[in-house]
């Protein structure tokens with residue numbers, strides 16, 4: 001497609017040659033016949049580049065002038081009329097080539113626009129890494145049924161990054177009490193040289209104070225404003241925890257799965273896989289909980305024996321995996 005666009009200067013040049021008043025029989029010692037043959041040759045060469053193989057479905061290739069004995073009784077044709085016919089043919093060919101190039105450029109621009117829109121909607125652009133085949137297959141097994149993780153897991157099975165989880169249809173929120181509003185306002189928002197980190201830290205403080213709905217809103221704001229921030233893995237995992245602690249394991253599971261898929265080597269990828277198992281356990285989906293737990297044991301064995309040992313032991317005790 002790019003090659004088509006690169007040939008546009010040649011097409012434009014041909015158009016100028018045709019449009020020029022070139023009907024004098026000789027110009028600078030070069031006959032009109034020679035010039036027309038040269039233009040025909042260039043158009044034909046361009047067609048072979050644009051459409052290899054010369055498929056007549058796209059453009060009829062210009063054929064060399066046929067010479068031979070005219071049938072008896074056929075009046076001699078006017079040389080100028082022959083030239084005009086050939087020039088008309090050239091003009092038609094150039095017009096079609098130009099139209100095709102314009103159409104292809106328009107399609108390319110639309111494709112680029114769609115690609116830019118898709119990239120803008122990806123979570124944590126630049127952090128996405130390809131998981132192993134076994135990891136993708138195991139995590140994909142946790143999708144299905146009425147689980148909120150099903151859409152994301154279906155994308156996992158297809159080898160695509162999971163899209164940001166859509167929030168479930170919520171009931172109208174009750175107006176917070178004046179006491180709660182005052183308590184939330186009392187939580188100080190950090191003011192440092194890193195505004196992105198300040199947004200994340202404020203969400204963490206809200207979660208730590210058990211203001212889970214407010215923490216969810218704040219962490220989503222952070223992920224929207226700073227999709228490439230180094231705290232992305234922390235924020236998605238904490239957002240899942242905010243839903244899990246708020247009694248919504250379905251929504252929590254979708255965020256944990258999304259965090260692992262966005263960056264399997266992220267700082268909190270292991271936390272998310274383990275908490276995904278816990279979310280499935282709370283949903284009484286033992287099969288998928290065991291799949292996630294097995295994934296955690298194999299891929300994050302160091303965390304299972306160290307930083308996350310307490311959570312790992314508690315989750316494992318609550319499950320009966322074969």
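Only the coordinates and a few stated rules stand behind these numbers; no lab work does. Please read all numbers here as calculations on a predicted model, not as lab measurements.
So what does the Cα-only Debye profile of the stretch 214-322 read at q = 0.12, 0.13, 0.23 Å⁻¹, as log10 I(q)/I(0), no solvent term? Result of the Debye calculation: -0.37, -0.44, -1.24.
Would you work out if the stretch 268-322 is rounded, prolate or oblate? Take a ≥ b ≥ c from the square roots of the eigenvalues of the alpha-carbon gyration tensor; rounded if a/c is under 1.5, else prolate when a/b is larger than b/c, oblate otherwise.
Working: a/c = 1.70, a/b = 1.61, b/c = 1.06.
The shape class here is prolate.
Rounded, prolate or oblate, given the Cα gyration tensor of the stretch 214-268, with a/c below 1.5 counting as rounded?
oblate
Averaging the sequence gap over all C-alpha pairs within less than 8 Å and six or more residues apart, then dividing by the number of residues, gives the stretch 243-303 a relative contact order of 29 percent.
Centre-to-centre, using Cα atoms only, the stretch 232-251 and the stretch 185-206 are separated by 18 Å. With contacts taken as Cα pairs under 8 Å at a separation of at least 6 residues, the stretch 166-322 carries a relative contact order of 14 percent.
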